[in-house]
Amino acid sequence: SGGYMRMDGVFSISASSAFKEEAWKIIQFIGSERAAKVISKTDGGLSIRRSGLQFNTNPLAAVAFEQKPTLNAIDFTDRRDFYLNENAMVQKELQIVLQGKQSLDAAIQTMQKQGQAFVDAFVKKNKADEEKTEP
């Protein structure tokens, strides 16, 4: 499971719109097979349609469709410190790789361990904060 997912386009049609049918056609197109092909071939993004995977050159795109949601939702609302720590860790590890002091594989393993520790600490902090605010 992942801790972050972004939806760039959330669409709705106003009930008072004079162009409801036209707006619905646009939304239907965005979710179409044709749009899935274009999205997958151009920006490497994921379409809402699994069929777009056949055109996607990112080897991790198929993996994304196989992910299952986590039962333990993580609220990343107050995540500034989390991302500052994560970014500093990534920069540090990449510098060590660029200096030839460790392999990229070793850096990835280190980042995985440290990143998981950041997530665990964040979750622990949020649970403690929730317990403080519960009546």
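The values are calculated or read from the model by the stated rules, or taken from the named source; none is laboratory data. As the structure is a computational prediction, the values presented were derived from the model and not from experiment. Cβ placement follows ideal geometry from the backbone for every residue including glycine, while neighbour counts extend to all protein chains displayed. When the accessible area is computed, the model is the full protein with side chains, heavy atoms only, and any ligands, DNA or RNA have been set aside. Shrake-Rupley method; radii C 1.70, N 1.55, O 1.52, S 1.80 Å.
Go through region 85-102 and give me each residue that's of a type in the set (Asp, Glu) and over 16 Å from residue 121 (Cβ atoms).
93
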Q | Qualifying residue in region 57-64 (condition: at pLDDT 80 or above, open to solvent by less than 50 Å² (accessible area, probe 1.4 Å) and within 21 Å of the chain's Cα centre (by Cα)) | A | no
